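Below is the structure I would like to discuss, written out as structure tokens.
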Amino acid sequence: MALPGTSESPIPIAQAMIQTVTASADWVVILPVVLCLMGGGILLMFRNMRGVQAVFATLVVIAVIACDISLFARVVTSGPLTMTMGQWLPPFGISFTADALGALFALAGAAVTLVVMIYVSVEIAPREIRYGFYPLMLLLLGGVSGAFLTGDLFNLYVWFETMLIASFGLIIMGGRKVQLDGALKYGFINFLATTFFLIALGYLYGLLGTLNMADIALSAPSAPVGPMTTVAALFLLAFGMKAAVFPVNAWLPASYHTPAAAVSALFAGLLTKVGAYALIRTLVLLLPASRDALAPVITGLAVLTMVLAPMGAIAQTNLRRALGFFIIGGIGAIFAGLAMGSSRGIAGATLYVFHSILTMTALYLVAGLAERMTGATDTRQMGGVYSASSPLSILFLVLVFAVAGLPPFLGFWPKLMLVEAGIAQGDWLIVYVILANSFLTSIAGTRLWAHVFWRVGREGELSEVPNDRVRRLNGRETGFGLAPTAVLVAAILALGLWPNPLFETSRMAAQGLIDNAAYVKSVSPQRNAP
């Protein structure tokens with residue numbers, strides 16, 4: 001008797017289950033998650049030993065990066081890699097599946113976490129170490145890695161919950177009133193988004209009887225169009241809220257500036273990108289027909305987000321609140337690629353996510369150092385940083401150019417790919433709005449640079465008087481704060497000057513999403529994609 005969803009006899013099925021025993025080399029697909037969760041658990045047991053927390057957590061992240069590099073190299077050369085838990089045949093077992101898209105983002109996420117792990121020693125308080133700061137960072141990275149590598153939608157929901165728990169703990173670390181206010185706004189909207197996600201999962205399971213991604217890709221084309229489009233719309237709402245697309249984006253600039261700068265940087269680099277990744281994965285790989293039906297809505301969201309976000313940044317006086325609008329503007333560009341739906345458009349969106357993970361993390365780290373030097377978060381009270389640290393000023397300007405998409409910086413290439421995709425499809429509205437977004441972001445970014453770094457003093461009558469509140473970075477801040485940030489910016493600059501490997505990877509990722517045959521075969525070798 002055949003199992004549900006299969007046409008094979010029991011003997012071939014038993015043989016297939018024997019073949020699902022995972023080779024030791026294939027465990028690399030799950031190791032990034034296992035290392036983070038085990039490392040976080042060990043650190044919790046020894047939370048009173050503050051001296052070993054930072055060193056052990058850093059070693060764990062380095063091990064995760066090594067696994068991600070190995071996984072990425074294998075996926076690029078051999079195609080998607082799958083590990084199914086408990087030797088249960090898909091769709092019954094939980095699968096972890098790494099393709100070029102997930103492996104690239106997992107590697108980028110671990111890399112920026114390492115930089116933040118080094119940077120955080122500049123500003124962390126001893127009591128925060130005792131309260132579990134480093135275990136929470138590892139838990140957050142474990143959730144992010146799990147979200148990028150899972151092959152099951154309910155398992156994706158589990159990793160979203162893991163990220164939410166860890167990020168909620170990090171955002172309130174310190175207990176200041178402004179942090180509690182930010183945590184309330186952040187927590188409420190994300191719990192609401194997760195609820196919509198769970199509702200969508202229930203409807204989808206009722207329609208298809210599975211939540212395995214490869215199985216959904218096989219079953220969705222034969223499902224009723226109307227109900228499937230409704231499910232896709234719920235995914236768009238849930239992941240759009242988590243990604244902070246307009247009009248459900250007000251929570252981000254209201255919360256990301258409240259924790260320590262290192263935590264803000266980690267959130268800016270990872271959390272919204274997981275939402276964008278989940279939306280790309282579900283609407284392109286799993287529900288392409290529904291994406292086509294929702295394309296006008298996605299286009300409208302992309303256009304409004306790209307136009308309004310930099311205008312919000314121009315109106316802000318709080319430095320990190322303004323940077324929050326830069327994150328939102330980038331989400332608009334990602335939605336533009338998703339709206340077009342072509343291989344070139346999806347590749348541009350993929351490359352933009354990668355760029356934003358690196359660039360927004362670095363930008364928040366630079367902002368944190370500027371705040372430490374001036375003792376202020378209001379740009380009207382900051383001024384004079386260039387004279388105290390010209391390297392920091394240069395780093396900020398380079399990152400502003402990258403965010404704006406100016407050549408030859410990393411942010412230029414995904415926007416170029418998106419513009420080329422728009423021209424190829426005759427979607428001139430998206431083309432013009434992407435160009436307008438770059439122009440407005442340049443204005444907003446250079447305005448921040450002029451106020452914080454170039455202006456001699458504070459705003460008003462003291463603008464031409466050197467700011468007496470500015471101090472230079474001490475040795476620890478330079479070695480553990482400025483140096484790793486400069487390394488990250490150097491990597492961003494190098495990738496902007498030599499982008500060809502990223503071009504090839506993003507195109508491979510986009511093609512793997514649009515043509516799901518290799519993905520399905522990796523998860524279920526005994527079944528074929530339609």
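Filtering the range 136-177 down to residues that are open to solvent by less than 10 Å² (accessible area, probe 1.4 Å) and hydroxyl-bearing (Ser, Thr, Tyr), which residue is farthest from Tyr205 (Cα to Cα)?
Restricting to residues being open to solvent by less than 10 Å² (accessible area, probe 1.4 Å) and hydroxyl-bearing (Ser, Thr, Tyr), the top hit is Ser167.
Can you spot a residue in the range 426-445 that is in a loop (DSSP other than H, G, I, E, B) and touching a residue at least 12 places away in the same chain (Cβ under 8 Å)?
In the first step, residues of the range 426-445 are kept if they are in a loop (DSSP other than H, G, I, E, B); the result is 426-427.
When the remaining residues are screened for being touching a residue at least 12 places away in the same chain (Cβ under 8 Å), the result is 427.
For the range 426-445, residues in a loop (DSSP other than H, G, I, E, B) and touching a residue at least 12 places away in the same chain (Cβ under 8 Å): present.
Report whether or not Thr194 is part of a helix (DSSP H, G or I) and closer than 16 Å to Trp251 by Cα.
For Thr194, the condition - part of a helix (DSSP H, G or I) and closer than 16 Å to Trp251 by Cα - is met.
Whether any residue in the range 178-189 is under 24 Å from the mean Cα position of the chain (by Cα), in a helix (DSSP H, G or I), among the charged types (D, E, K, R) and under 16 Å from Val274 (Cα atoms) is what I want to check.
no
Only one residue in Arg127, Arg47 is part of a helix (DSSP H, G or I), among the basic types (Lys, Arg) and more than 25 Å from Tyr352 (Cβ to Cβ), so which one is that?
Every option except Arg127 fails the conditions.
In addition: Can you give me the number of residues within the range 254-275 that are in a helix (DSSP H, G or I) and either open to solvent by 10 Å² or more (accessible area, probe 1.4 Å) or of a type in the set (Phe, Trp, Tyr) (or both)?
Filtering the range 254-275 down to residues in a helix (DSSP H, G or I) leaves 254-255, 261-275.
Among the residues that remain, those that are also either open to solvent by 10 Å² or more (accessible area, probe 1.4 Å) or of a type in the set (Phe, Trp, Tyr) (or both) are: 254, 267, 271.
Of the residues in the range 254-275, 3 are in a helix (DSSP H, G or I) and either open to solvent by 10 Å² or more (accessible area, probe 1.4 Å) or of a type in the set (Phe, Trp, Tyr) (or both).
Does Ser290 satisfy being closer than 22 Å to Gly345 by Cα, hydroxyl-bearing (Ser, Thr, Tyr) and either surrounded by fewer than 23 Cβ atoms within 10 Å (Cβ to Cβ) or in contact (Cβ under 8 Å) with a residue 12 or more places away in the chain (or both)?
yes
Can you name the condition, by its number, that Ser387 falls short on among (1) under 22 Å from the mean Cα position of the chain (by Cα); (2) at pLDDT below 95; (3) open to solvent by 40 Å² or more (accessible area, probe 1.4 Å)?
Failing condition for Ser387: (1).
Which of the following residues is open to solvent by less than 10 Å² (accessible area, probe 1.4 Å) and within 20 Å of Lys273 (Cα to Cα): Leu369, Leu363?
Working: Leu369 fails: within 20 Å of Lys273 (Cα to Cα).
On inspection, the qualifying residue turns out to be Leu363.
Between a residue in the range 259-272 that is in contact (Cβ under 8 Å) with a residue 40 or more places away in the chain and any residue that is open to solvent by 10 Å² or more (accessible area, probe 1.4 Å) and among the aromatic types (Phe, Trp, Tyr), which pairs come within a Cβ distance under 8 Å, given they are 6 or more apart or on different chains?
none
Restricting the search to the range 480-517, which residues are at pLDDT 90 or above and within 19 Å of Ala278 (Cα to Cα)?
Thr505, Ser506, Arg507, Met508, Ala509, Ala510, Gln511, Gly512, Leu513, Ile514, Asp515, listed by residue number.
Identify all residues within the range 92-125 that are over 30 Å from Glu371 (Cα atoms), open to solvent by 30 Å² or more (accessible area, probe 1.4 Å) and either aliphatic (A, V, I, L, M) or in contact with a Gly (Cβ under 8 Å, 6 or more places away or on another chain) (or both); write none if there are none.
The initial filter retains those residues of the range 92-125 that are over 30 Å from Glu371 (Cα atoms), namely 92-104.
Checking the rest, the ones that are also open to solvent by 30 Å² or more (accessible area, probe 1.4 Å) come to 92, 94.
Hit for the range 92-125 is Ile94, nothing else.
Could you grab the pairs with beta carbons closer than 6 Å, sequence gap of 6+ or different chains, first residue in the range 156-184 and more than 15 Å from Val33 (Cα to Cα) and without any contact (Cβ under 8 Å) to a residue 24 or more places away in the chain, second one β-branched (Val, Ile, Thr) and open to solvent by 20 Å² or more (accessible area, probe 1.4 Å)?
Filtered contacts from the range 156-184: no entries.
With respect to Pro80, is the statement that it is more than 23 Å from the chain's Cα centre (by Cα), under 30 Å from Gln511 (Cα atoms) and crowded, with 18+ Cβ neighbours inside 10 Å true? Even if it seems obvious, please write down each step before you answer.
Details: more than 23 Å from the chain's Cα centre (by Cα): no; under 30 Å from Gln511 (Cα atoms): yes; crowded, with 18+ Cβ neighbours inside 10 Å: yes.
Taking the combined requirement at face value, the residue does not satisfy it.
Search the range 76-89 for residues that are on the phi > 0 side of the Ramachandran plot and pair each with any residue that is β-branched (Val, Ile, Thr) and part of a loop (DSSP other than H, G, I, E, B) when their beta-carbon atoms are under 8 Å apart and the residues are at least 6 apart or on different chains.
What qualifies is Gly86/Ile94; Gln87/Thr20; Gln87/Val21.
Return the residues of the range 300-321 that are assigned to a helix (DSSP H, G or I), touching a Pro at 6+ places or on another chain (Cβ under 8 Å) and within 19 Å of Gln381 (Cβ to Cβ); say none if nothing qualifies.
Passing the criteria: only Arg321.
Given (1) more than 30 Å from Ser219 (Cα to Cα); (2) part of a helix (DSSP H, G or I); (3) open to solvent by 20 Å² or more (accessible area, probe 1.4 Å); (4) modelled with pLDDT under 95, identify the lone condition not met by Glu477.
It is condition (3) that Glu477 fails.
The values are calculated or read from the model by the stated rules, or taken from the named source; none is laboratory data. The structure presented is a predicted model; accordingly, all values stated were derived computationally and were not measured. Ideal geometry is used to build each Cβ from the backbone, glycine not excepted, and the neighbour counts take in all protein chains shown. For accessibility, only protein heavy atoms count, side chains too; no ligands or nucleic acids. Shrake-Rupley method; radii C 1.70, N 1.55, O 1.52, S 1.80 Å.
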